[in-house]
Amino acid sequence: MLERMQTLDWVVVAAYFSLLVWIVYRSSLHQTTSADYFLAGRHIGWFVVGCSLFASNIGSEHIVGLAGGGANNGMAQAHWELHAWIMIVLAWVFVPFYYRSGVFTMPEFLERRYSSQTRWVLSIVSLVAYVFTKVSVTVYAGAIVFQTLLPDTFGSPDNAFWVGAFSTVVLTGIYTIFGGLRAVVYTEVAQTFILLLGSGLITWLGLGALGGWDQLIAACKPNASNFALWRPNTDPNFPWLGVMIASPVVGIWYWCTDQYIVQRTLAARSLTDARRGAIWGGFLKLWPVMIFLVPGMIGYALHQKGVIQIPLKSDGSGLLGDAVFATMVQSLLPVGLRGLVVAGLLSALMSSLASLFNSCATLFTVDIYEKLRPGQSEQTLVRIGRMATGAVVVCGLIWIPIMKKISEGNSGLYDYLQNVQGFLAPPITAVFLLGLFSKRITAPAALWGLIVGFVLGMGKLTIQTLAKSGSLSTGGLLQAIGDYNGYYFSGVLFVFSMLFVSIASMLTPAPSAAQVLGLTYASTTPEQRAENRASYSMADIAGTAVVLGLVAIIYVYFTFWLD
């Protein structure tokens, strides 16, 4: 039975957000320089770095979208949530180069490795990607939460959706503008543990209402092909080969090269803290399968038994899976605890959005404005960063109606996000990997690899959207391109980008030794190698082994869980 929010729930929500307001206020007192505003003064410890990495990642696409993915698609999307191993790659492969370089942004790092032109392209591509993926998805998810939790508060569920969308954007924009990255990372520490506690309780109480883990397996077995971790290659949505090709490509882009994530490691107070924070974040990253994806499947089973009622899609074609998590919060949690989890849920949505806003402001200010207007004062840079945040807020609002139609017409929020990211990630991943592991890769090759890859990816996205909407004539070449599985396309585009950049590099003059000094593995200096060795201990190695071992155990169990 769906329970309404009670007075005690609202008291808990108000108390939690009062704490966040205090954190933002304290953070706003330390925003005198651009390093303060964009990188929290580069004084963040490993524990906060790891929590911030986890909480920034656990935004709408996980709390709302991943639970919806569990209800609609079972374990098929778990591969993206087992990317804890890629965070280990971030810690050991990428972080040493990023941290030593002292850069503010990933495009700035590309400028050092390649040229200012590659910096421009990545900055623009990243800003466009944030508006079309992360910002719009997060805003849409916040609106879904309002629609589910407060369906009658604003007159109708549809009104609740739009109030939620606008209030989430506006309130988050305000606290990001004033608090900067320091406010973002410290609110994310509190959010991390409330999310783990609340989502863990939902999993436990959901299993209790269902009758235990055996009952979940029994509920999923009749539809085992739809709930399996591995799907046959003939599956139109999640062919196992396409997924295993596309998910690492997207994962390396997201965890190792994306400003939104890597900015946290750049804010660490030392190389040791940056690496250890990534390892700690990798451990936290292991939990979403159990506390977001599995509850989605539990919600599906409870709906089938009539214990809870998940809303239907607007066209009545099936369950609105993206509403399952909020429905379980309302149906299963007791008064007071429900308020705490709702506060954490809304905070997570806002915090994820705040991270996006701050990253966008950093990219625009450091990589675009400061290049066009060099020599500006620190106060001017902070002011421009705040103005850039406001512009991104407006862009996110404009895209909400389109986002609503796209999500309801596909396999859900999470599937939409992974498809779009799969079209954007391949050329960026290729350019970063080749740049670190080969001295021979040239600036012109990287530049044109980014441009051509971005055009091809956006072309596929446009054609696929038109094909799914029925706007293309059936049987033609464009229809075939639109229908071609997006995960396979991601792999094809990655291989193409790797070959394109490699061949183009062979046809252009090699960079000088001075240009790549310390920026590739083959060109690191003895001093840099010594610094790197001194920055880790057996504790870091043991933590790495634990994370990788747990990833392997989860894969093995869920490969056979429905047999």
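Points worth noting:
- Estimated 222 nm signal from helices in the chain, with DSSP H stretches of n ≥ 4 weighted -39500 (n - 2.57), rounded to 500: -23000 deg cm²/dmol
- Per the Kirkwood formula applied to alpha carbons, region 421-563 shows a radius of gyration over Rh ratio, Rg over Rh, of 1.13.
- Scattering from region 191-248 was approximated by placing one identical point on each alpha carbon and applying the Debye formula without solvent; log10 I(q)/I(0) at 0.22 1/Å stands at -0.85.
- Segment Ser167-Val394, length gained on full extension (0.36 nm per residue, minus Cα span): 80.5 nm
- The chain - convex hull of alpha carbons, volume per residue in Å³: 144
- Tilt relative to the chain, helix 157-210 - C-alpha long axis, 0 to 90 degrees, to 10: 50
- Distance violations [Cα-Cα > 29 Å] among Lys285/Lys439; Lys305/Lys468; Lys134/Lys285: Lys285/Lys439; Lys305/Lys468
- Additional length obtainable on full extension of the chain from Asn159 to Phe560, 0.36 nm per residue less Cα span: 140.0 nm
Here, each number is a calculation from the coordinates, and none is a lab measurement. Note that the structure is a prediction, hence the values are computed from the model and not measured.
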